[in-house]
Amino acid sequence: MPAPHLQISPSILASDFANLERELDRIADADWAHVDVMDNHFVPNLTLGLPVVEALVKVSPVPIDTHLMIADPDRWAPGYAEAGASSVTFHIEAASNPVAIARAIRAEGARAAFALKPDTPFEPYEELLAEVDMVLVMTVEPGFGGQSFMADQMPKVRAVRDAVRRRGGEVWVQVDGGVAADTIGECAEAGADVFVAGSAVYGAEDISGRIAELRDLAARHACG
């Protein structure tokens, strides 16, 4: 199924964890539901894990986009694809064999992606573009929602987009962290086409309206 050019993936980290099915229904107009998995090892926070993701897949009106901020993704990442997540992102800094992880995720029918922390350069991993469907450039330090957007990550977004253009293919460029109405244009201009927004979406009185607004703002600034 071809993807729309620009996609909004609201992060349920900013939602009401006591009512996750309802909170997923509130973002039915989005393209994805972004689910942050943290293990208190790779990042200093603990959220939800595989059993909850498996349950969310069954009730979500949109595909589940999992972001694994966990140690040992070589062992754990394929299980999220097997559980029904449509996209599985692992952190390159935690991976021992990223090619094997990506291939195992794809073998389960999900999209594979790798994420880069703010201090991690992209260039050493450019060769991995042939093995993945998306690259996530973190625009905050991973671990907690509600952080301030790091504009100094835009050159990295441009570097990923330029590499995708050179190599061809359909690799998406995702940004996550501090994405809101006042920052999404900058991200789109740099070359991002998938936007994770937590507080900006779940903090709005009109969530559907906010999703539409973010998509429109991204389209106005998209690099093409």
Next on the checklist: Please report the antiparallel percentage of the DSSP beta bridges confined to the chain, to the nearest 5.
Outcome noted: 5
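Taking a ≥ b ≥ c as the square roots of the Cα gyration tensor eigenvalues, with a/c under 1.5 meaning rounded and otherwise prolate when a/b beats b/c, else oblate, which class fits region 33-75? The partial results should precede the final answer.
On the way: a/c = 2.26, a/b = 2.09, b/c = 1.08.
It comes out prolate by the Cα gyration axes.
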Checklist outcome for this item: Per DSSP, the loop-located chymotrypsin sites (Phe, Trp or Tyr not before Pro) within region 113-177 having at most 16 other beta carbons within 10 Å are Phe144
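Would you tally the net charge around Gly49, using a Cβ to Cβ cut-off of less than 15 Å, leaving Gly49 out, and scoring K and R as +1, D and E as -1?
On the way: positive: Arg75; negative: Asp36, Asp39, Glu54, Asp72, Glu82.
For residues surrounding Gly49, the net value is -4.
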Checklist entry - On alpha-carbon atoms, Rg over Rh for the chain using Kirkwood Rh? => result 0.92
Checklist entry - Using modelled amide H (1.01 Å from N, peptide plane; none on Pro or chain starts), what sits under 5 Å from the amide H of Gly191, excluding residues fewer than 5 places away? => result Cys223
Checklist entry - For Cys223 and Asp72, FRET efficiency with R0 = 45 Å and r from the beta-carbon atoms, rounded to 0.05? => result 0.80
Checklist outcome for this item: Expressed in angstrom and rounded, the centroid-to-centroid distance over alpha carbons for region 198-224 and region 15-33 is 15
Next on the checklist: Could you give the length gained by full extension between Asp216 and Asp162, i.e. 0.36 nm per residue of separation minus their alpha carbon distance, to one decimal place?
Outcome noted: 17.1 nm
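All of the numbers you see were taken from the coordinates with simple rules; none came from a lab. Computed from a predicted structure; not experimentally measured. Positions of Cβ are backbone-derived with ideal geometry, glycine not excepted, and every protein chain shown enters the neighbour counts.
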